[in-house]
Amino acid sequence: MTTMTSATTPEPAALLDVRDLSVVFHGSHGDVEAVSEVSFSVRPGEHVALVGESGSGKSVTSLAVMGLLPTRSAKVEGSIRYDGDDLLAMTDHERRDLRGAEMAMIFQDPMTSLNPVVPIGVQIGEVLQRHKAMTGRQARNESGDLLARVGIADGSRRLGEYPHQLSGGMRQRVLIAIALACEPRLLIADEPTTALDVTIQAQILELLRELVSGTGTALVMITHDLGVVAGLCDQVHVMYAGRVVESAPRRPLFARPRHPYTGGLLRSIPRLDAPRGEPLTPIPGSPNDALSWAAGCAFAPRCGNRIDRCTSQTPELAAQHAYEPGYEQALRCFNPIGEETS
Amino acid sequence: MNPEVSGGRDEVLLRVRGLKVHFPITRGIVLQRTVGHVQAVDGVDLDVRRGQTMGLVGESGSGKSTLGRGILRLGVPLTAGTVEYDGVDIASLRGEQLRRQRSAMQMVFQDPMASLNPRQSVENLITEPMRAHGKPVDTTTVARLLELVGLPRSAALRYPHEFSGGQRQRLGIARAIGLEPALVIADEPVSALDVSVQAQVLNLLEELQQRLGLTYLVIAHDLAVVRHVSDDVAVMYLGGIVEQAGSDDLYRSPLHPYTRALMSAVPVPDPEVEDRRQRILLRGDIPSPAAPPTGCRFHTRCPYRQQTRCDDERPVLRELRPGHRVACHFAEEIDSGAIQPAEAAQMVGTAPASP
């Protein structure tokens, strides 16, 4: 097993490269295309965000990367390359070896992702025994150190505790400890703080920032919260109804959103630092109103910038002039903010 | 001593004094012994003025929802204190009197899917409260209510599952306003909704307030949401109010260390702001309300904790500035910079420490 010494190679080759990913679920009422034409890449040490609301396909994308989708009901197509190797061409066994050791995931709800009847020490230790071939005793010692690293005081004494004995923030720390046990080079965090209180969220985000920065670990952050993205991620991909609608580095994305959906999201969130009394500008309708991409732009029914073309032709994700070199900047819109044709 | 809200310029519709809600913890199956109490709400004073919005913000376990339900007497037995609504003490009402009183005070719940009966049509759902209180109902009532909450008339014959989350919350609001209440208590009205839909519901609440002259008590964990809709904001921590002020005042100059930490923890969707701001990271979790800390309940996590007084004496809410009340022994010293945070507190961010 490879142990990571220094992942920050001078060469900025992508660690994870996803091209034209599509995920189709076979259901009893026909096929559902949950994700399509999703492309993004993550370099070592980079923090990338996939932002979207419920149904945007952001979680399905991350599960496809991890190889955690049911093989019988979900058809994954496109290419997912990790460190140059095509993950979709690998056997289940090969992917299992990567998962946990090379790439790890933190889920939203720590209560449902931890086993309630197994002590936390065993749950952390099992990753180490599986991937690092440690003995039980070694794994136990290492687990205690890991708990200390994620900020659980007295870590080695708490290894015998069960998930229900811990608070929500503590459980999330245990999940992070499990994810980081083998020093993965890619960490996917799916709404890691959504179930937590805001002061605990600040603790966990700070912890993630601390653990990930400087080690060269690449982070993919899946979230609906643009506030979380603003402080943590370099590159942002905004998703709507299964496709990426806008990609940009965070500064231009927040300062000058081009897609009407991105702009609409930013205008509809109450900001703590904005002067009070300004009415919010909501996006009309709900994510359920999305059209099929085959018929036009899925966001068209809710879009204030809609023109005739939007409901008759499907917009492509077009690369834009890169604002900062090395970042991806792309837009899927016929009538973007700032360049309205009508 | 209960300091009155300054000025008295507006009429107080809801006056809560010394409200306590303690839930017994019992042990044993046949002979149940009470072995302790969860002090969910422990001594809350609150004034809500007519036509205004009071925001109640706090994290999980702060007792904010229990306080809301306690005011309405919704399945929550009051341990002590008074709740005066329009001059009537509802804490002492029983049975039919209480039921009648409730038509003037309605509630909007967090999860519209769980609070709407899936087997009832919309028409049935939104007229049920009116029928229960013997108010006349006809077809125009339903149409008018649907119009008020921004739903089409055709919605009347449909069922909850046919609606999106935002539309269901509109139905929940229609149910609440059908009885023409003066006071509406909204418990986390938008936290179950998608981000792009939250603003629709917040705007609807504001619009209804203007059209119908409603008084709101909005309970939420999201400080940005609460600040946006509220005239006054009360911050709760472990069963008590630690700070209460006008919405802008609270944001501009928070006085309680908890409010400061809470405010600094809320992420702002703006990289320029996020990169510059300083965060006060609180250590640990909110303690259990079954065994709250002695003295100031925040002292176990407070970066400004001072020896012995904070541990021994529980601070009362006192008015530091007109309309701005805070429950902290050392609020003035912290505000002036005379007391600096202990090193134990983690301050992160690039900005220099400002007093």
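What shape does the stretch A:7-74 take by its C-alpha gyration tensor, where a ≥ b ≥ c are the square roots of the eigenvalues and a/c under 1.5 counts as rounded, a/b above b/c as prolate, and the rest as oblate? Prolate shape, in that a/c is at least 1.5 and a/b is the bigger ratio.
Remark: the stretch A:40-47, residue by residue, has Karplus-estimated 3J(HN,Hα) of 6, 9, 10, 8, x, x, 8, 10 Hz, where x stands for each Gly or Pro and the curve is 6.51 cos²θ - 1.76 cosθ + 1.60 at θ = phi - 60°. Kirkwood-type hydrodynamic radius, the stretch A:82-239: 16.2 Å, calculated from all non-identical alpha-carbon pairs.
Rounded to the nearest 10 degrees, the angle from helix B:195-212 to the longest Cα principal axis of chain B is 70 degrees. Helix screen, chain A: DSSP H segments with Cα axial length of 15 Å or more and mean Kyte-Doolittle hydropathy at least 0.5 are A:168-180, A:198-212.
In this structure the amide hydrogen of A:ILE106, modeled in the peptide plane, comes within under 5 Å of the amide hydrogens of A:ILE188, A:ALA189, A:ASP190, none closer than 5 places in sequence on its chain. Considering helices alone, the calculated mean residue ellipticity of chain A at 222 nm is -8000 deg cm²/dmol, with DSSP H runs of length four and up weighted by -39500 (n - 2.57) and normalised per residue. Using the Cβ-Cβ distance between B:LEU98 and B:ARG50 with R0 = 25 Å, the FRET efficiency computed as 1/(1 + (r/R0)^6) comes to roughly 0.70. Only the Cβ atoms of Lys and Arg (+1) and of Asp and Glu (-1) were treated as charged; on that basis the dipole of the protein assembly as shown about its Cα centre amounts to roughly 1680 debye. Across the options A:ASN305, B:LEU317, B:HIS22, the greatest Cα extent toward the positive end of the charge dipole of the protein assembly as shown (unit charges at beta carbon of Lys, Arg, Asp, Glu) belongs to B:HIS22. Interface burial in the stretch B:193-219, defined as at least 10 Å² less accessible area with all protein chains than with the chain alone at a 1.4 Å probe, covers B:ASP194, B:VAL195, B:SER196, B:VAL197, B:ALA199, B:GLN200, B:LEU202, B:ASN203. Rounded to the nearest percent, how much of the accessible area of the stretch B:250-348 (1.4 Å probe, protein heavy atoms only) is carbon and sulfur? Percent of accessible area from carbon and sulfur atoms in the stretch B:250-348: 49.
Shown in residue order for the stretch B:308-317 are the 3J(HN,Hα) couplings computed by the Karplus curve 6.51 cos²θ - 1.76 cosθ + 1.60 at θ = phi - 60°: 6, 5, 5, 7, 9, 10, 7, x, 9, 5 Hz (x for Gly and Pro). Convex hull volume per residue, computed on the Cα atoms of the protein assembly as shown, equals 193 Å³. Take the Cβ atoms of B:ALA290 and A:GLU278, set R0 to 41 Å, and the FRET efficiency comes out at 0.45. Annotation for the stretch A:38-53 versus the stretch B:237-276: alpha-carbon center distance of 30 Å.
Within the stretch B:142-214, the percentage of alpha carbon pairs spaced more than 22 angstrom apart rounds to 17%. For the stretch A:249-267, heavy-atom accessible area (probe 1.4 Å) falls by no less than 40 Å² from the chain alone to the full protein assembly at A:ARG251. Backbone amide hydrogens, once placed in the peptide plane, bring B:VAL242 within less than 5 Å of B:VAL235, B:MET236, B:TYR237, excluding anything fewer than 5 places away on its chain.
Kindly express, to the nearest 10 degrees and within the range 0 to 90, the angle between helix B:122-132's C-alpha long axis and the longest C-alpha principal axis of chain B. Result, in degrees: 80. Using a probe radius of 1.4 angstrom, the carbon and sulfur fraction of the accessible surface of the stretch A:200-245 is 45%. For peptide A:222-233, the mean count of partner chain Cβ atoms within 10 Å of a residue's Cβ comes to 4. Of A:LEU69, A:GLY136, A:PRO119, which is farthest along the charge dipole of chain A in the positive direction, counting Lys and Arg as +1 and Asp and Glu as -1 at C-beta? Of the listed residues, the answer is A:PRO119.
Quick one: dipole size for chain A, taken about the Cα centre, charges +1 on Lys/Arg Cβ and -1 on Asp/Glu Cβ, in debye to the nearest 20. Provide the component values of the computation, followed by the final result.
On the way: 32 positive and 40 negative charges, 106 e Å.
Dipole about the Cα centre, nearest 20: 520 debye.
Bridges between two residues of chain A, per DSSP, are antiparallel at a rate of about 60%.
Once B binds A, the 1.4 Å probe can no longer reach about 3900 Å² of accessible area, counting both sides.
For chain B, what does -39500 (n - 2.57) per DSSP helix run (n ≥ 4), summed and divided by total residues, give at 222 nm, in deg cm²/dmol to the nearest 500?
Numbers: 13 runs with 111 residues, N = 355.
When only DSSP H runs of four or more count, the value is -8500 deg cm²/dmol.
Computed in the context of the full set of protein chains, the accessible area of the stretch B:69-198 at 1.4 Å probe radius has 48% of its extent on carbon or sulfur.
Non-local amide H neighbours of B:ILE185 (under 5 Å, H modeled in plane, Pro and chain starts lacking H): which ones? For B:ILE185, whose amide H was placed from the backbone, the distant partners under 5 Å are B:GLN106, B:MET107, B:VAL108, B:LEU217. Annotation: per residue accessible area for chain B equals 43 Å², rounded to a whole number [probe 1.4 Å, protein chains only]. Beta-bridge orientation, the protein assembly as shown: approximately 65 percent antiparallel, per DSSP, counting only bridges with both partners inside. Remark: the stretch A:108-266 carries 33 Å² of accessible area per residue (probe radius 1.4 Å; ligands, DNA and RNA excluded). Karplus-based coupling profile of the stretch B:164-171, in residue order and whole Hz: 7, x, x, 5, 5, 5, 4, 5, with θ = phi - 60° in 6.51 cos²θ - 1.76 cosθ + 1.60 and x standing for Gly or Pro.
Calculate the dipole size of the stretch B:250-348 relative to its Cα centre from +1 charges on Lys and Arg beta carbons and -1 charges on Asp and Glu beta carbons; express the result in debye to the nearest 20.
Working: 14 positive and 13 negative charges, 44 e Å.
Using only the charged Cβ atoms, the result is roughly 220 debye.
Not counting the cut sites, what is the longest span of chain B without GluC sites (Glu not before Pro) that DSSP labels loop and that have at most 16 other Cβ atoms within 10 Å? Result for the longest clean stretch: B:12-312. In the stretch B:251-271, the residues that give up 30 Å² or more of accessible area when the other protein chains are added, compared with the chain on its own (1.4 Å probe), are B:TYR251, B:ALA265, B:PRO267, B:VAL268, B:PRO269, B:PRO271. Between the Cα long axis of helix B:139-148 and the first principal axis of chain B there is an angle of about 30°, rounded to the nearest 10.
The values are calculated or read from the model by the stated rules, or taken from the named source; none is laboratory data. This structure is a prediction, so every number in the text was calculated from the model and none was measured. Glycine gets a Cβ as well: all are built from the backbone with ideal geometry, and neighbour counts include every protein chain shown. Ligands, DNA and RNA are excluded from the accessible area calculation, which covers all protein heavy atoms including side chains. Shrake-Rupley method; radii C 1.70, N 1.55, O 1.52, S 1.80 Å.
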